[in-house]
Amino acid sequence: MTPKNQPEPFEKNRPDWRRIAIWICIFGIAFAALHFGLSWAMNFVSASNSMAGSITMVGFLAISLVVYAILIATPFMPGIEVGVALLLLQGADVAPFVYLATVVGLMTAYLIGNTISLPRLQTFFGYLGLQKVSTYLAKIETTTPADRLAAQRALLPTWLANVTTNYRYIMIAVLLNIPGTFAIGGGGGILMAAGFSRLFGRWAMFGTVLLAVLPVPLVVWVLGVSVIGG
């Protein structure tokens, strides 16, 4: 029998919708601010020609690339648009710098996910009443990667299990190069989730990102911006 003033066991699994609504509002405001930042960055890039006389081109590129790296590292932010704008407006010569900023931004997102404290995340989701998410994070902390991969194989159809376990780095590379991934978090969200999972080694992920984001900057550098600008 449940002691007096103690919630029923099933209540522990009920999400706290009031707290969730508050956090949704907070995240909504944050994402709105980031989208405003994206618009500002796009306008900043578009105005580069008129700004050339007031700041050095090196300074302009440095600011633009830093903004681009931050945007592409942020989940659900289409930061790649800033990179394309830089390529179109500044020409093929900036392709290596855009490539470097892309790698830095994506690896930053991965490292944030890979190094963040799982107990703190568990506390956060538990505070929201999302016990299933909290329990999943606890399993990540207490089980080996091999055991989690085996459990994943058991839950998924064979073909999908092979893709998401045996070829998971290739899957990440493909997701970084196909349109529409903004809906599942964009490049930053995908890499941050990969970090959370603790199933991707740091050096292996670094190599994956280096190769996955290379094609477009390399083609633009060799053939010119006409290949993306029409």
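The values are calculated or read from the model by the stated rules, or taken from the named source; none is laboratory data. Everything numeric here is computed off the predicted structure, so don't read it as measured data. Positions of Cβ are generated from backbone atoms using ideal geometry, with glycine treated the same way; all protein chains shown enter the neighbour counts. Just so you know, the surface numbers come from the protein's heavy atoms only, side chains and all, with ligands and any DNA or RNA stripped out. Shrake-Rupley method; radii C 1.70, N 1.55, O 1.52, S 1.80 Å.
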Report summary line: Only unsatisfied item for Gly195, checking (1) assigned to a helix (DSSP H, G or I); (2) within 21 Å of Lys139 (Cβ to Cβ); (3) more than 14 Å from the chain's Cα centre (by Cα), is (3)
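For the condition of a type in the set (Ser, Thr, Tyr), under 19 Å from Ile80 (Cβ atoms) and either in a helix (DSSP H, G or I) or modelled with pLDDT under 85 (or both), what is the one hit in Thr165, Thr208?
Thr208
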Query raised in the report: Restricting the search to the stretch 72-94, which residues are surrounded by 22 or more Cβ atoms within 10 Å (Cβ to Cβ), touching a residue at least 40 places away in the same chain (Cβ under 8 Å) and in a helix (DSSP H, G or I)?
Result: Ile72, Ala73, Ile80, Val82, Leu86, Leu87
Report task. Would you point out which residue out of Arg153, Arg120 is assigned to a helix (DSSP H, G or I) and without any contact (Cβ under 8 Å) to a residue 12 or more places away in the chain? Result -> Arg120
Query raised in the report: Which condition number in (1) over 15 Å from Phe200 (Cα atoms); (2) open to solvent by 60 Å² or more (accessible area, probe 1.4 Å) is the one that Glu141 fails?
Result: (1)
**Report entry** Residue under evaluation Gln152, criteria (1) under 20 Å from Phe200 (Cα atoms); (2) at pLDDT 80 or above; (3) surrounded by 13 or more Cβ atoms within 10 Å (Cβ to Cβ), criterion not met
**Finding:** (2)
